[in-house]
């Protein structure tokens, strides 16, 4: 497998991360690996890798209709036949989100162990907290756990399981279901739950909605988190109201800021009141209460 690396330097951190998010989430097919890192004082660099078997790629040209404003020039070079996906994943730095510190196993020796550290290796399931949608959910969990005592929680579209793990670490005694429709994600999430020592609180299941027997038996939930995408969230709205307790909390993410009004309107029509709208580098995290 041969890769081509594209690199660009930015003087604005927010633009660099917004561009990285767009490269990861809006291009089809997506890059095989991507890193965003500080490259000297006031400079940030994106390095993105594409398999040359996919054909010629032009990141700046492909992003032009998706982002406002000019982008810096991307350089391009062929790279040796090494596992650049694994190399870029190992370069991911720890992320701090409220009380939580999320890190990979390559940083285990230099991250102090504590009740709010979460070990997540980048791999075959979404959710390392480097993405704005996961970060937004973690900040919401941190905020909500300071003022609410949730007993029954559903993480729908759990990916790596990082959000369910964060709930387990911040809310003692909460019973959590982590569900994902992807079999590999379920496998990864279950292993991450075990590695983080919260298996007694979290049940990981394969499910595409809320009809799985384990989910139905645990309902009603007083907290439901769904970090998916705007389209599926809109389609799921009729399913997500019944399993949430009256007065319960719903956290939604995976929503581009321009998509948020439609998601808010849809969930308002299904009995939810918007409590908070957080925005991080072009992505929305919405917190609702069920009326």
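Worth a mention:
- Where helices (runs of 4 or more DSSP H) sit wholly within the stretch 183-250, those with at least 2 residues that are within 19 Å of the chain's Cα centre (by Cα) and crowded, with 16+ Cβ neighbours inside 10 Å occupy 183-195, 230-240.
- Selection status of residue 105, modelled with pLDDT under 95 and either within 16 Å of residue 254 (Cβ to Cβ) or in the same structural domain as residue 17 (by TED's automatic domain parsing) (or both): no
- Index of the failed condition, residue 150 passing every other in (1) closer than 24 Å to residue 95 by Cα; (2) over 15 Å from the mean Cα position of the chain (by Cα); (3) in a loop (DSSP other than H, G, I, E, B): (1)
- Strands (runs of 3 or more DSSP E) lying entirely in the stretch 33-81 (those with 2 or more residues that are closer than 16 Å to residue 21 by Cβ): 33-38, 44-51
- Selection from the stretch 152-161 of residues that are modelled with pLDDT under 95 and at negative phi: 158, 160
- Residue check for residue 286: part of a helix (DSSP H, G or I) and surrounded by 14 or more Cβ atoms within 10 Å (Cβ to Cβ): no
- Scan of the stretch 256-283 for residues that are without any contact (Cβ under 8 Å) to a residue 40 or more places away in the chain, buried (at least 21 other Cβ atoms within 10 Å of the Cβ) and outside any helix (DSSP H, G or I), ordered by number: 272
- One residue from 177, 172 being under 15 Å from residue 223 (Cα atoms) and at pLDDT 95 or above: 177
- Restricting attention to the stretch 131-165, the residues being buried (at least 24 other Cβ atoms within 10 Å of the Cβ) and under 23 Å from residue 212 (Cα atoms) number 13.
- Residues in the stretch 95-116 that are on the phi > 0 side of the Ramachandran plot and either exposed (fewer than 11 other Cβ atoms within 10 Å of the Cβ) or part of a helix (DSSP H, G or I) (or both): there are none.
The values are calculated or read from the model by the stated rules, or taken from the named source; none is laboratory data. Since the structure is predicted, the reported quantities are computational estimates derived from the model, not experimental observations. Cβ: placed from backbone, ideal geometry, glycine included. Neighbour counts: every protein chain shown.
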